[in-house]
Amino acid sequence: MTQDTPIAADALPEPNSCFADSRRLTGHNRFFAGTGVVLEALGPTAQARDAHERWRAAITSMRHAMGWPQTEAIVRAHSGGTLLVFAAPVDLLFTATEINEWAWEQASGLFDGDAGAKVNPPFDQLHLPGNDFAAMAALFTARAQAEINPSLSALRAEAERRHLPILVDDAEVSVGAGAGSKSWPLSALPSIDEIPWASLHDIPVALVTGSNGKTTTVRLLAALIDAADAKYRGKVGYSSTEGIVIGAERAGEGDFSGPAGARGVLRDTRVAAAVLETARGGILRRGLAVDRADVGIITNISADHFGEYGIDSLDDLAGVKMTVSHALGNEGTLVLNADDPVLMTQAGGLACRLALFAQDNNHPALAALREHGGLTCGVVDNELSLFHGGTTTLLGDIRSMPLTMNGAATYNIGNICAAVLAAAALNVSPAVIAAELKRFGSSRHDNPGRLNRWQLADISVIVDYAHNPDGLRLLLAGAQSIQTASTTRGRVGLLLGQAGNRDDVAIMGLARSAAQAQPPLDLVVLKEIPAMLRGRALGEVPKILKDALLAAGYPAEKIESEPDEVQAACRLLQWARAGDVLVLPVHQSASRECIADLLDTLQRNQWRSGTPFNLPD
């Protein structure tokens, strides 16, 4: 190779640094309100306190030299390592990531001398000359000056002065929200005088997070807002794991439960109100997409995704979900599940208003909140009771609400309560709420893929998304309530699979939930989810599930495997006989649509168990 021969970028060796996952936090995050940066410390000193103090000292000195505000530099240890975090100006986050990396290189003690000689190979020093503070301060100052976009900074300041939201990503900027927004390419921003300020405004915004029930709650709340007033009719936008929907139109396919989904809704000029599913992953990777919201919901907390981004426990996970409170300020309302002790432990000292729900309206926390005029929702003698503005309103028998499956789906009662409280906080009237609760869920198109039930000629089929042990346990409890209430008392069969991005412990926990179902399941058909392998090999997840079922004492003869998700569902239909209940957690949207179309056809044709049917292509 001659000196002039170019080297392909993918042929260059990957730097071997003493940190990993160095990234920007572009919104409110689990550590603080505002923006900042975080990295994962690596190396033999990653958990050494003296190294952490040297890192803090380096961050403090450099921020002072840069003229940045001094805030706490956070060290957060977890089972897999140590996170190093600090707040930084929103328009200087790229520079801040480099400062964070440089500070850890210096603090870790892995390099020595002006040339960056390695004291403890094999790490590479990426920020040279790292130990010359004056030179690094000059370098970072120059990079900060180059990073600042004066037009964007001026636009941000003017939007803030006018109390208007601003959304910024790597390509686009928008001011206002929904019907009151306007967007520009980041590379072609207008001057302040060119912006049509009079036409820009905010819209009502709700954030929905939690471990289970998020998508159902999003869809129900969107329907309640849509029914509240003509100005919202057909103009409510929502984002979720199932895509982006504006009114009745699907505007985006796939998982949009992160910042991209929020921006997609809030930049759509048809939208008069927004309901945004706000998943754990997006909060951890980048923080919240919005600076402010009117209401936030946390449905519940259950074990899921442990080991990712420094999350080791339910308390850690609850702290991530509580991030939504940062967007609510003093005037917003946070809706919490009082039946969840982990959430309630973290609910103290919040600046925002609190609204609480529980299965039992007499829950002590709800009673105490009502004493202070707070907003609550719970169940009294099968009636849903809303306390708002000092007045109690009964919203109807929960068994008459389609989402509860005649009261059997107790977990959906919690989702209903959460949506009701958020709607009330957004000034939807109790009469509108009561009427919508009697309707929503009567069609599977209201809440596709979430507790959709088909009553075929002689069997029941439930299609859901249950994706973690707690969600599956609750789903099976609902299915077994149907079985118990049936005069034929048939069997229960389950379709079981999991995405590859859960660790082995979480996947085994899902299998244990199936093995421990009471009464016991009569058949489990294991499936593969090829689109969700997330780095695992084909067959790996089904094997973990099968081994865990057997270890929990579930009989081997009641386990079958069918790699294709649709064919696995068909196998259960072929197995079924009169009185049986089939539980089908389906995780791919294409598979769900195929299975739903098949079940619609079987229902229309009054198909009976034990008779042949045409398999989908």
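At 1.4 Å probe size, put CYS352, CYS594 in order of accessible surface, largest to smallest.
Details: CYS352 15, CYS594 40 Å².
From most exposed to least exposed: CYS594, CYS352.
Calculate how steeply helix 133-147 sits against the longest principal axis of the alpha-carbon atoms of the chain, using the helix alpha-carbon long axis, and give the answer as 0 to 90 degrees to the nearest 10.
Orientation of helix 133-147: about 60 degrees from the principal axis.
At LYS543 and ASP50, where each label point lies 7 Å from the Cα along Cα→Cβ, what is the point-to-point distance in nanometres?
Spacing of the two 7 Å Cα→Cβ label points: 4.6 nm.
Ignoring everything but the protein chains, give the 1.4 Å probe accessible area of PHE31 in square angstrom, nearest 10.
Around 40 Å² of this residue is reachable by solvent.
Of the GluC sites (Glu not before Pro) in the stretch 221-276, which ones lie in a loop per DSSP and count no more than 12 other C-beta atoms within 10 Å?
Details: sites: GLU242, GLU249, GLU253; in loops: GLU242, GLU253.
Here the GluC sites (Glu not before Pro) that fit, given the DSSP loop and packing criteria, are GLU253.
Quote the accessible area belonging to MET66 in square angstrom, nearest 10, computed with a 1.4 Å probe and with ligands, DNA and RNA left uncounted.
MET66 exposes around 30 Å² with every protein chain in place.
Taking the chain, how many lysine pairs are there with alpha carbons less than 19 Å apart, if each pair must be eight or more places apart or span two chains? Walk me through the intermediate numbers first.
Numbers: LYS182/LYS235; LYS214/LYS321; LYS527/LYS543; LYS527/LYS546; LYS527/LYS558; LYS543/LYS558; LYS546/LYS558.
The result is 7.
Using the heavy atoms of the protein chains alone and a 1.4 angstrom probe, what is the accessible area of the chain per residue in square angstrom?
Values: 25740 Å² over 617 residues.
Each residue of the chain exposes 42 Å² on average to a 1.4 Å probe.
Give me the angle, in degrees from 0 to 90, between the Cα long axis of helix 410-425 and the longest principal axis of the Cα atoms of the chain, rounded to the nearest 10.
60 degrees
Sort ASP464, ASP339, ASP193 from largest to smallest accessible area, using a 1.4 Å probe on the heavy atoms of the protein chains.
On the way: ASP464 15, ASP339 75, ASP193 145 Å².
Highest to lowest solvent-accessible surface, that is ASP193, ASP339, ASP464.
Hey, any idea what % of the chain's accessible area is carbon plus sulfur with a 1.4 Å probe?
Working: 13250 of 25740 Å².
Summing carbon and sulfur atoms, their accessible area is 51 percent of the total for the chain.
List the Cys residues of the chain that have no partner Cys with a C-beta closer than 4.7 Å.
CYS18, CYS352, CYS570, CYS594, each lacking another Cys Cβ under 4.7 Å.
Whose amide H sits under 5 Å from the amide H of ASP268, counting only residues 5 or more places off or on another chain, with H placed in the peptide plane?
Amide H to amide H, under 5 Å and 5 or more residues apart or across chains, ASP268 pairs with GLY178.
Return the loop-located chymotrypsin sites (Phe, Trp or Tyr not before Pro) in the stretch 418-500 (DSSP other than H, G, I, E, B) with at most 11 other Cβ atoms within 10 Å of their own Cβ; answer none if there are none.
Values: sites: PHE440, TRP454, TYR465; in loops: PHE440, TYR465.
Nothing satisfies the criteria.
What ranking of GLU72, GLU593, GLU540 comes out by heavy-atom accessible area, probe 1.4 Å, highest first?
Numbers: GLU72 130, GLU593 100, GLU540 70 Å².
Largest to smallest exposure gives the sequence GLU72, GLU593, GLU540.
Return the loop-located GluC sites (Glu not before Pro) in the stretch 266-350 (DSSP other than H, G, I, E, B) with at most 14 other Cβ atoms within 10 Å of their own Cβ; answer none if there are none. Please report the intermediate quantities before stating the final value.
Numbers: sites: GLU277, GLU308, GLU331; in loops: GLU308, GLU331.
Those satisfying the criteria are GLU331.
On a 0 to 90° scale, report how tilted helix 150-161 is relative to the longest principal axis of the chain, with both axes built from alpha carbons and the result rounded to the nearest 10.
In the chain, helix 150-161 runs at an angle near 50 degrees to the longest axis.
As a test of the definition: which semi-axes, in Å, follow for the stretch 411-453 when you take the square root of five times each eigenvalue of its alpha carbon gyration tensor? Largest first, please. Walk me through the intermediate numbers first.
Working: eigenvalues 82, 28, 12 Å².
With the √(5λ) rule applied to the stretch 411-453, the semi-axes are 20, 12, 8 Å.
Kindly state, as a whole number, the per residue volume in cubic angstrom of the convex hull around the alpha carbon atoms of the stretch 14-54. Write out the running numbers ahead of the final one.
Numbers: hull volume 3.7 nm³, N = 41.
It is 90 Å³ per residue.
Using the alpha carbons of the stretch 512-584, what is the convex hull volume per residue in cubic angstrom, as a whole number?
92 Å³
Is it possible to state the helix-based mean residue ellipticity at 222 nm for the chain, with each DSSP H run of 4+ residues giving -39500 (n - 2.57), the sum divided by total residues, to the nearest 500 deg cm²/dmol? What is it? Walk me through the intermediate numbers first.
Working: 17 runs with 205 residues, N = 617.
Estimated from H runs of four or more residues: -10500 deg cm²/dmol.
Stick to the Cα atoms of the stretch 200-281, pair each with every other, and give me the Kirkwood hydrodynamic radius in Å at one decimal.
Values: mean 1/r = 0.0819 Å⁻¹.
In the stretch 200-281 this quantity evaluates to 12.2 Å.
For P(r) over Cα pairs in 20 Å bins from 0, in percent, one of [x] 16, 38, 29, 12, 5, 1; [y] 18, 47, 30, 6, 0; [z] 16, 48, 33, 3 was computed from the structure I shared and the rest are decoys. Which label?
Recomputing P(r) over Cα pairs in 20 Å bins from 0, in percent here picks out [y].
The values are calculated or read from the model by the stated rules, or taken from the named source; none is laboratory data. Keep in mind that what you see is a predicted model, and the values were worked out from it rather than measured. Note that we place each Cβ from the backbone using ideal geometry, even for glycine, and neighbour counts take in every protein chain shown. To get the accessible areas, we keep the full protein, side chains included, count just its heavy atoms, and leave off ligands, DNA and RNA. Shrake-Rupley method; radii C 1.70, N 1.55, O 1.52, S 1.80 Å.
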